1. Out of all the residues in the stretch 103-126, which are open to solvent by 80 Å² or more (accessible area, probe 1.4 Å) and touching a Cys at 6+ places or on another chain (Cβ under 8 Å)?
2. Does residue 60 qualify as being open to solvent by 30 Å² or more (accessible area, probe 1.4 Å) and of a type in the set (A, V, I, L, M)?
3. Report yes if some residue within the stretch 145-152 is among the β-branched types (Val, Ile, Thr), open to solvent by 60 Å² or more (accessible area, probe 1.4 Å) and farther than 20 Å from residue 103 by Cα; otherwise report no.
4. Show the residue pairs that are 6+ apart or on different chains and have beta-carbon atoms under 7 Å apart, the first residue being within the stretch 157-185 and within 19 Å of residue 129 (Cβ to Cβ), the second being open to solvent by 80 Å² or more (accessible area, probe 1.4 Å) and small (Gly, Ala, Ser).
5. If we scan the stretch 79-89, do we find a residue that is within 22 Å of residue 33 (Cβ to Cβ) and hydroxyl-bearing (Ser, Thr, Tyr)?
6. In the stretch 8-19, is there at least one residue being over 18 Å from residue 103 (Cβ atoms), at pLDDT 85 or above and either of a type in the set (Val, Ile, Thr) or open to solvent by less than 50 Å² (accessible area, probe 1.4 Å) (or both)?
7. Of the residues that sit in the stretch 81-102 and are surrounded by 17 or more Cβ atoms within 10 Å (Cβ to Cβ) and either touching a strand residue (DSSP E or B) at 6+ places or on another chain (Cβ under 6 Å) or not hydrophobic (A, V, I, L, M, F, W, C) (or both), which one is nearest to residue 171 (Cα to Cα)?
8. Those residues that are surrounded by fewer than 14 Cβ atoms within 10 Å (Cβ to Cβ) and of a type in the set (Asp, Glu), I need them from the stretch 153-185; list them, please.
Amino acid sequence: PVALDVIRAIYEVGGKPYVYEDATAADLEGARVLYHPERSPDSFAIPPRYRPHAAILEDLPFAPVSVCTFGPPARMQALVEHLRHNLTAELSIIQSGSHAYWGVEVFAQGVSKRLGLEMVAARLDVDQEEIMAIGDHFNDLEMIEWAGIGVAMGNALKEVQEIADYITGSQDDDGVAQAIDRFIL
């Protein structure tokens, strides 16, 4: 029911909702992604993984792991505010993308890149202080703050640059390679 509320909110702001299923196999086709057939899908939404679902506003054929949409930052930021004020607090609303094209992904509460990084570090027995995290958008904030070395890309949002330990070059200037050279090699 919460996923359907998110889908309807996305649709109401003119967005294109994409509903993700948990993977049932190791390959890319192991999970389905549904979209509304009345909204033309973005160029990446091609069959067989991406499938139109005419009843996407009323029902879903599986329990989704996430719902997302992409669009202009102003429209996506308005959607985030709407979701935060009108839906349960038991959601993780994650924003990502570029300055021109914004993504909003909705997961169960607690899902984040930081959690993923913590889990990998624990599995590999790597200390937090030995981890470098690099990012450029809101979805990277917690991860950058948690890592032993938090790096913001030169083209990162202002909020990301403000919390980072170091600001590297931009995406166009091989900023990731610069950070690896400086802190790893």
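1. Selection gives nothing.
2. Numbers: open to solvent by 30 Å² or more (accessible area, probe 1.4 Å): yes; of a type in the set (A, V, I, L, M): yes.
Yes.
3. Initially, the stretch 145-152 is screened for residues among the β-branched types (Val, Ile, Thr), giving 149, 151.
Now restrict to residues that are open to solvent by 60 Å² or more (accessible area, probe 1.4 Å): none.
No, there is no match, as no residue in the stretch 145-152 is among the β-branched types (Val, Ile, Thr), open to solvent by 60 Å² or more (accessible area, probe 1.4 Å) and farther than 20 Å from residue 103 by Cα.
4. Close Cβ pairs (under 7 Å, with a partner that is open to solvent by 80 Å² or more (accessible area, probe 1.4 Å) and small (Gly, Ala, Ser)) do not exist here.
5. Step one: list which residues in the stretch 79-89 are within 22 Å of residue 33 (Cβ to Cβ), which gives 79-80, 83, 87.
Adding the requirement that they be hydroxyl-bearing (Ser, Thr, Tyr) leaves none.
Within the stretch 79-89, none of the residues are within 22 Å of residue 33 (Cβ to Cβ) and hydroxyl-bearing (Ser, Thr, Tyr).
6. no
7. Step one: list which residues in the stretch 81-102 are surrounded by 17 or more Cβ atoms within 10 Å (Cβ to Cβ), which gives 83, 91, 93-97, 102.
Right, trim to either touching a strand residue (DSSP E or B) at 6+ places or on another chain (Cβ under 6 Å) or not hydrophobic (A, V, I, L, M, F, W, C) (or both) and you get 83, 91, 93-97.
On the way: 83: 30, 91: 30, 93: 25, 94: 21, 95: 18, 96: 15, 97: 13 Å.
Among them, the one singled out is 97.
8. 159, 162, 172, 173, 174, 181
The values are calculated or read from the model by the stated rules, or taken from the named source; none is laboratory data. Note that the structure is predicted; figures quoted are calculated from it, not measured. Cβ sites come from the backbone with ideal geometry, for glycine too, and all protein chains shown count toward neighbours. Accessible surface areas use protein heavy atoms only, side chains included; no ligands, DNA or RNA. Shrake-Rupley method; radii C 1.70, N 1.55, O 1.52, S 1.80 Å.
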